Amino acid sequence: MALEDGNAPDDDRQLRFVLYAGLFDLLVEALWDAGEADEERQARLARVLGRFQSVEPTLRFWLFHNNQEAEGLELVIRMRGKDIALHQEWLVPRLQRDIGLYRDRIAALTAALEGTTP
């Protein structure tokens, strides 16, 4: 299959549709060339179309399932990003401040035990 430069759709779904339509067209052409009589060609095409139509609901469910998995993964990624931001912007500075206070207390207690002033 060949597309002229600049004629390919930008959207992935549209591009996928063009690809599937092109592949189906190639299949039809191959079946048409392989048949000797119109009745035989039509029977083969009807059989292929019937099989495609029987698989279509499964493909639609598979696409729906993959879409839901992608949305779930996106949600997890966003929540993880918020979790990281929370830790970087709030928790880490608070812990650093608290660690500083505890170090000052340790220094004061050590100095009191040794009998000197800090």
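Report, in whole Å, the centroid distance computed from the Cα atoms of segment 7-23 and segment 95-109.
Using only Cα atoms, the two centres lie 62 Å from each other.
The chain: D in µm²/s via Stokes-Einstein (Kirkwood Rh, Cα pairs, 4 °C, 1.567 mPa s)?
On the way: Rh = 21.4 Å.
Calculated translational D: 61 µm²/s.
Relative to the first principal axis of the alpha-carbon coordinates of the chain, what is the inclination of helix 38-86, with its axis defined by its Cα atoms, in degrees from 0 to 90 and to the nearest 10?
Helix 38-86 sits roughly 10 degrees off the main axis of the chain.
Helix 92-114 versus the longest principal axis of the chain: what angle, 0 to 90°, nearest 10, using Cα atoms?
20 degrees
With +1 on each Lys and Arg Cβ and -1 on each Asp and Glu Cβ, and nothing else charged, work out how big the dipole of the chain is about its Cα centre, in Debye to the nearest 20.
Its charge dipole is roughly 1040 debye.
Keeping all protein chains in place, calculate the accessible area per residue for the chain (probe 1.4 angstrom), answer in Å². Can you show the working numbers first?
Values: 10470 Å² over 118 residues.
Spelled out: the 1.4 Å probe surface of the chain, per residue, equals 89 Å².
Measure off 7 Å from each Cα along the Cα-to-Cβ vector at ARG41 and ASP83, then give the distance between these two points in nanometres to one decimal.
Distance between the two pseudo-spin positions: 6.0 nm.
Per the helix-only calculation at 222 nm, which mean residue ellipticity applies to the chain, given -39500 (n - 2.57) for every DSSP H run of n ≥ 4 and division by its residues, nearest 500 deg cm²/dmol? List each step's numbers first, then the result.
Working: 3 runs with 95 residues, N = 118.
Result for the chain, helices only: -29000 deg cm²/dmol.
Gaussian network model of the chain, Cα springs within a sub-10 Å range: biggest mean-square fluctuation belongs to which of ALA21, ALA108, ALA34?
ALA108
Given R₀ = 30 Å, FRET efficiency for ASP33-ARG13 by Cβ-Cβ distance, to 0.05? List each step's numbers first, then the result.
Working: r = 31 Å, r/R0 = 1.02.
It comes out at approximately 0.45.
For the chain, with all protein chains present and a 1.4 Å probe, just round the carbon and sulfur fraction of the accessible area to a whole percent. Display every interim value, and only then the final one.
Working: 6190 of 10470 Å².
Taking all protein chains in place, the chain shows 59 percent carbon and sulfur surface.
Given a 10 angstrom Cα cut-off, can you work out which residue in GLU56, GLU36, GLU71 is the most mobile in a GNM of the chain?
Judging by the Gaussian network model, the answer is GLU36.
Under a 1.4 angstrom probe, counting protein chains only, how are VAL76, VAL18, VAL55 ranked by accessible area, largest first?
Numbers: VAL76 95, VAL18 45, VAL55 70 Å².
Greatest to least solvent exposure: VAL76, VAL55, VAL18.
Along the charge dipole of segment 35-116, Cβ charges K/R +1 and D/E -1, which of PRO93, PHE52, THR110 sits furthest on the positive end?
THR110
The values are calculated or read from the model by the stated rules, or taken from the named source; none is laboratory data. Owing to the predicted nature of the structure, the values given are computational and were not obtained by experimental measurement. In this analysis, Cβ positions are derived from the backbone assuming ideal geometry, glycine residues included, and neighbour counts consider all displayed protein chains. Areas reflect the complete protein model, heavy atoms only, side chains present, ligands, DNA and RNA absent. Shrake-Rupley method; radii C 1.70, N 1.55, O 1.52, S 1.80 Å.
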